[in-house]
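The next block holds one structure in the form of structure tokens; read it before the comments.
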Amino acid sequence: MKKIEVFGTGCLLGCSSCKIPIKGVRRALAELGLEARVVKVDDIGEAQARGVKRLPALVVDGRIRSEGRGLTVEEIKALLQKG
């Protein structure tokens, strides 16, 4: 089972540009018929320790797949299909 970590959803300002919605990740998984454990990570120190340089970030199975911008459901699906 894949593990998908979403970094940066804890922005104090709550602006849409600094988050990747968990709902979007779950929707992308459902549309692709995939199962995964989705984890929200708000700890900036953890992000830095994992090599994330810009938030928001999407990490799939330990690999940084996207940094520094919000993603649409279609963009998330494309990243998940790349493997």
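We did not get these values from a lab; they are worked out from the coordinates using the rules stated. Because the structure is predicted, anything quoted here is derived from the model rather than measured. Here Cβ is always computed from backbone atoms with ideal geometry, including for glycine, and neighbour counts include all displayed protein chains.
Details
- Pairs of Lys residues in the stretch 2-82 are counted when their Cα atoms are under 20 angstrom apart and they lie 8 or more places apart or on different chains; the count is 17.
- Rounded FRET efficiency, nearest 0.05, which uses the C-beta distance separating Lys3 from Ile44 and R0 of 22 Å: 0.65
- Computed about its Cα centre, the charge dipole of the stretch 2-82 is approximately 100 debye, with only Lys, Arg, Asp and Glu carrying charge at their Cβ.
- Across the options Leu58, Gly70, Leu32, the greatest Cα extent toward the positive end of the charge dipole of the stretch 2-82 (unit charges at beta carbon of Lys, Arg, Asp, Glu) belongs to Leu32.
- Expected-Rg normalisation [2.2 N^0.38 Å, Cα atoms] applied to the chain: 0.99
- Net charge over other residues, Cβ less than 12 angstrom from the Cβ of Val52 (K, R count +1; D, E count -1): +1
- Within the chain, percent of DSSP bridges classed antiparallel, to nearest 5: 55 percent
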